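Right, one structure below, let's go through it.
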Amino acid sequence: GKVINVALVGNPNCGKTTLFNYASGSHERVGNYSGVTVDAKEAIMKKDGYTFKIVDLPGTYSITEYSPEELYVRMHITEKMPDIVVNVIDSSNLVRNMFLTTQLIDMNIKVVVALNMYDELEKKGAKFDYVSLGEMIGIPIIPTVASKGKGVDELFEKLIDVYEDRDPSVRHIHINYGAQIEKAIHDIQHEIWKNPSITDKLSSRYVAIKLLETDKSTLAQLEKFANYEEIKSVAKQTIAQLEKEYGERSETIITDAKYGFIDGALKETYKEVKKDKRESK
Ligand code: GDP
Ligand code: K
Ligand code: MG
């Protein structure tokens, strides 16, 4: 049968390990990765003729900061190249959890969202049109209650569909960060495009955004390429220009733009219905 490599990515305490344990429960545990300082477990599960190799990655709020967990998650995604990243989201903290989602979108990889703790969202009486949100961001969103095993079958069925490229809702979108930031991204991409050995390995848009976030490890990753100095210089000029226009640090500009995108997307799809005491049973 076919093997599907899946990585679980999400904030701390969003239910990754619970999902991991539930999914792999009755199957053989492969054990901890050896030689790494951060906690990452791998397990195997079988379903409908497919073998899933699932990795439970350390919890992170972002993949920008220079912390061992974030670097590990990033390295796993860019170097081990899982077939699909399952972005586990805590439904009761959508804005904060979706920050990471915007970074996964930038990375141009296959993502499925497990909208976990869906019971909490229902308890709040919130109305969330997650199907529309999924269409908006080109990522299937499956509600789950990992602690009860709810939605886990649906999640893995979706992973098979996405793996087989037969899910029509999957699209690669670019988050539109607004004209000035888009121009900055494009200016840096223009220099990256000159070197196909970079674009063979990495998404130019992702690299450009990471450089605007003044991400040290992305810069270090580019060091081995022939036009490294040129890219560094274009990035420096572009950042200076952007910071002049906004009067803010480049990282802050990108972070704000991401939250702007999340706010806009949730405004259209998410509503907290105030519970009326007279109506509650
Ligand atoms: P991780 O840090 O992402 O690995 O999160 P854990 O799997 O350790 O889960 C954190 C806590 O959330 C645990 O107490 C779980 O039992 C609980 N939890 C996990 N999934 C759900 C869920 O869908 N609903 C609720 N209400 N609690 C959950
Ligand atoms: K935990
Ligand atoms: Mg965990």
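The table for this structure:
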item	result
Which listed residue is hydrophobic (A, V, I, L, M, F, W, C) and in contact (Cβ under 8 Å) with a residue 60 or more places away in the chain, from VAL112, VAL73, VAL145, VAL131	VAL73
Residues of segment 61-104 classified as within 22 Å of GLU251 (Cα to Cα), at pLDDT 95 or above and among the aliphatic types (A, V, I, L, M), total	5
Qualifying positions in segment 167-188 - crowded, with 19+ Cβ neighbours inside 10 Å and either free of Cβ contacts under 8 Å to residues at least 60 places away in the same chain or more than 18 Å from the chain's Cα centre (by Cα) (or both)	ILE181, ALA184, ILE185, ILE188
Residue in segment 214-227 that is out of contact with any Asp or Glu (no Cβ under 8 Å at 6 or more places or on another chain), in contact (Cβ under 8 Å) with a residue 60 or more places away in the chain and surrounded by 14 or more Cβ atoms within 10 Å (Cβ to Cβ) present	yes
Segment 40-74: number of residues that are within 12 Å of ligand 3 (Cβ to nearest atom) and in contact with a strand residue (DSSP E or B) (Cβ under 7 Å, 6 or more places away or on another chain)	6
Lone qualifier among GLU79, GLU157 - being over 25 Å from THR199 (Cβ atoms) and of a type in the set (D, E, K, R)	GLU157
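This table checks each residue for (1) part of a helix (DSSP H, G or I); (2) touching a strand residue (DSSP E or B) at 6+ places or on another chain (Cβ under 8 Å).
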position: ILE142; (1), (2): no, yes
position: ASP167; (1), (2): no, no
position: TYR177; (1), (2): no, no
position: GLU229; (1), (2): yes, no
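The values are calculated or read from the model by the stated rules, or taken from the named source; none is laboratory data. Just so we're clear, the structure is a prediction, and the values are computed from it rather than from any experiment. For neighbour counting, all protein chains shown are included, and Cβ atoms are generated from backbone atoms with ideal geometry for every residue, glycine included.
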